[in-house]
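K.L.:
This is the structure I want to talk about, given as structure tokens.
The values are calculated or read from the model by the stated rules, or taken from the named source; none is laboratory data. No experiment lies behind these values; they were computed from the predicted model shown. Here the Cβ positions follow ideal geometry from the backbone for every residue, glycine too, while neighbour counts run over all protein chains shown.
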Amino acid sequence: MKNIFVLGGSGFVGAHVCEKLVRQGWHVTVPTRRRSNARNVQPLPFVTVLDLDVHDEAALTQAMAGHDAVVNLVAILHGTPEAFQKVHVDLPQKIARACVASGVKQLVHVSALGVNGPQPEAAPSNYLRSKGQGEAVLVQAAGEGVGAAFGLTILRPSVIFGAEDQFLNLFAKLQKVFPVMPLAGSHARFQPVWVQDVALAVVRSLERNNASGPTPCVVEVCGPDIFTLKQLVQLSAQLAGVNEGRGRPVIPLPLWMGRMQALMLELAPGPTLMSRDNLDSMRTDNVATGLLPGLESLGIKAAALRPIAAEYLGR
């Protein structure tokens, strides 16, 4: 039985990853600062929830000992440059050192589509720059060939959809409340991927075990269809039956007005729905480049968005 250490295992993607791992008969350890955050994975067999601050490198190294592989799903969408640095760059650096110190031979790291691998600093947003810098520190730490410190697989997903997502569900809920949808970044393009396909990609990467082969392996994790943000907003309302399936009028905003909208949403109480950094990220199309392996390289046929979203939005 493999022992897998899953950082971020209590999140949207992490819960699906844990479920697929235990179906393989593997034991999964999920570290969390608050045990209540992991209540969705606690009932799963072979899952151990561990009280741990993953940013405490000494405790992280000790906790990872005895595991065959590590999966890193920890990420944030909003925050200050310092917060992005802490989560997307400093934490991967700590994970890499902990892998070496604890003898872990395999790491699967979930990054993001739109990352500029050769030139992380060239990315247009703090989110994408920090994601690229995080990849870079892992690649450097892993090394290459037979002398690699550990096998490294980097998965770069587009926006992820699924029954519990905060993407299509959010757009549908907003249109149940508001008569029109003013939308910044309406022409940005995405290639949405089903959360189950992302989770399966993690499992297939662990099964493949590239610890003794070339590293890193970078995979673009995308669905079969490309949509603009406006199309996704319209589709979410139609599938949810908003306004008898007609949805709401979507009003594209010019850049200056979109940035004002994003700033107001940043300052609003409660979870941030959109930030100026999100708009900066959307300056880069969130679609596969075709220059790197895709899901098919892992033996996965990507699921189409419409039939799956129709099922859960229709409920």
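K.L.:
Do the conditions hold for Pro179, that is, is it closer than 30 Å to Asn243 by Cβ, surrounded by fewer than 20 Cβ atoms within 10 Å (Cβ to Cβ) and either in contact with a strand residue (DSSP E or B) (Cβ under 8 Å, 6 or more places away or on another chain) or not charged (D, E, K, R) (or both)?
P.N.:
In short, yes.
K.L.:
Out of curiosity, is Thr32 over 20 Å from Arg204 (Cα atoms) and touching a Ser or Thr at 6+ places or on another chain (Cβ under 8 Å)?
P.N.:
yes
K.L.:
Of all residues in the range 294-315 being part of a loop (DSSP other than H, G, I, E, B) and touching an Asp or Glu at 6+ places or on another chain (Cβ under 7 Å), which is nearest to Leu113 (Cα to Cα)?
P.N.:
Per the stated criteria, the residue is Gly294.
K.L.:
Looking for whichever is touching a strand residue (DSSP E or B) at 6+ places or on another chain (Cβ under 8 Å), farther than 29 Å from Arg283 by Cβ and not assigned by TED's automatic domain parsing to the domain that holds Ala262 here; the options are Gly147, Gly134, Gly151, Gly103. Which one fits?
P.N.:
Gly151
K.L.:
Quick check on this structure: which one of Val89, Val54, Val71 is over 29 Å from Gly25 (Cβ atoms), β-branched (Val, Ile, Thr) and modelled with pLDDT of 95 or more?
P.N.:
That would be Val89, the only listed residue that is over 29 Å from Gly25 (Cβ atoms), β-branched (Val, Ile, Thr) and modelled with pLDDT of 95 or more.
K.L.:
Please work out which residue is nearest to Ala83 (Cα to Cα), limiting yourself to the range 15-51 and to residues that are within 21 Å of the chain's Cα centre (by Cα) and assigned to a loop (DSSP other than H, G, I, E, B).
P.N.:
Here the residue is Arg33.
K.L.:
Identify the residue in the range 291-302 that is within 12 Å of Cys222 (Cα to Cα) and without any contact (Cβ under 8 Å) to a residue 12 or more places away in the chain and, among all such residues, is surrounded by the most Cβ atoms within 10 Å (Cβ to Cβ).
P.N.:
Glu296
K.L.:
Sticking with this one: Can you say whether Phe12 is more than 22 Å from the chain's Cα centre (by Cα) and of a type in the set (Phe, Trp, Tyr), as far as the supplied structure shows?
P.N.:
no
K.L.:
Please enumerate the residues belonging to the range 135-172 that are over 22 Å from the mean Cα position of the chain (by Cα), more than 24 Å from Glu220 (Cβ to Cβ) and in contact (Cβ under 8 Å) with a residue 24 or more places away in the chain.
P.N.:
Val146, Ala149
K.L.:
Ala201 passes all but one of (1) outside the structural domain of Gly9 (by TED's automatic domain parsing); (2) touching a strand residue (DSSP E or B) at 6+ places or on another chain (Cβ under 9 Å); (3) on the phi < 0 side of the Ramachandran plot; which number fails?
P.N.:
(1)
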